[in-house]
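Notes follow once the structure below has been shown.
The values are calculated or read from the model by the stated rules, or taken from the named source; none is laboratory data. All figures in this text were calculated on a predicted structure; none of them were measured in a lab. With ideal geometry, Cβ positions are generated from the backbone for all residues, glycine too; neighbour counts draw on all protein chains shown.
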Amino acid sequence: MLQEYVRFTVTLVAVLDPFLAVPIFLAFTASQDAAARRHLINAVTLTVFLVLLGAALFGEVLLSLIGASLPAFTAGGGVVLLLMALAMLNAEAGKVRQNPAEAEEMESRDLSGVVPLAVPLLAGPGAISTTIIAAQRDAGAAHTAGLVACILLVCVLLWIVLRLAQRIGQRMSMSALNVATRLFGLLLAAIAIEMMATGAKALLPGLAG
């Protein structure tokens, strides 16, 4: 059971990829003072936590509403993660996280920063689907509490990275940040392929033979 929570935590960190958000966060807050940056960091972290908490608590209801089985959602979630991983291997955010229109809005600074920095750049389709799939593996309250604890841990890590974003930006070159993103992308690609295989085997039992 502990291994499952460690796996979920590592997957969620790879999906969120706080280091990918560092240059975007620095660009958005370049003209803001320290107090405004702290406020945005708190708002972004809280938003990510609430979105993923909602996915963990209400994912079963969502699957019921759309009439999707867990194997189908697992296979589909694997495809989403694979697309994200391929973009990360190119050190890019990718269109799954942020399409060109959202990127343009971000550059214009007309938005609060919570959108699209928190959603969908961080807590986007990949993070939400990962959380829903993990929550459906066991409907027990103890399992859900464990997932919430993992989400909280990941959000604390995100908060720390964003608080240290300026220091990270000063001490790490863009190439170093890109290397970190590519490593996360490689890890995420392996996880995505395994998810796709798991979903496909459940949908098509003949594949397991």
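Data table
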{"item": "Counted residues, segment 157-178 - those being among the hydrophobic types (A, V, I, L, M, F, W, C) and either free of Cβ contacts under 8 Å to residues at least 12 places away in the same chain or outside any helix (DSSP H, G or I) (or both)", "result": "4"}
{"item": "Lone qualifier among PHE8, PHE49, PHE28 - being in contact (Cβ under 8 Å) with a residue 12 or more places away in the chain, within 21 Å of VAL119 (Cα to Cα) and more than 19 Å from the chain's Cα centre (by Cα)", "result": "PHE28"}
{"item": "Members of segment 166-187 that are of a type in the set (D, E, K, R) and within 14 Å of ASN90 (Cβ to Cβ)", "result": "ARG182"}
{"item": "Residues located in segment 161-182, provided they are surrounded by 15 or more Cβ atoms within 10 Å (Cβ to Cβ), out of contact with any Phe, Trp or Tyr (no Cβ under 8 Å at 6 or more places or on another chain) and not charged (D, E, K, R)", "result": "GLN166, GLY169, MET172, ASN178"}
{"item": "Segment 183-192, residues that are surrounded by 15 or more Cβ atoms within 10 Å (Cβ to Cβ) and either within 12 Å of ASP17 (Cβ to Cβ) or more than 14 Å from the chain's Cα centre (by Cα) (or both)", "result": "LEU183, PHE184, GLY185, LEU187, LEU188"}
{"item": "Test result for ALA75, in contact (Cβ under 8 Å) with a residue 60 or more places away in the chain, surrounded by 20 or more Cβ atoms within 10 Å (Cβ to Cβ) and either farther than 19 Å from LEU16 by Cα or not hydrophobic (A, V, I, L, M, F, W, C) (or both)", "result": "yes"}
{"item": "In segment 113-141, the residues that are part of a loop (DSSP other than H, G, I, E, B) and at pLDDT 65 or above", "result": "ALA123, GLY124, ARG137, ASP138, GLY140"}
{"item": "Positions within segment 1-43 being in contact with a Leu (Cβ under 7 Å, 6 or more places away or on another chain), more than 15 Å from GLN166 (Cβ to Cβ) and among the aliphatic types (A, V, I, L, M), in sequence order", "result": "VAL13, ALA14, VAL15, LEU16"}
{"item": "Any chance ARG171 is at pLDDT 95 or above and over 25 Å from LEU2 (Cβ atoms)", "result": "no"}
{"item": "Some residue of segment 184-206 being more than 24 Å from LEU82 (Cβ to Cβ), out of contact with any Lys or Arg (no Cβ under 9 Å at 6 or more places or on another chain) and not acidic (Asp, Glu)", "result": "no"}
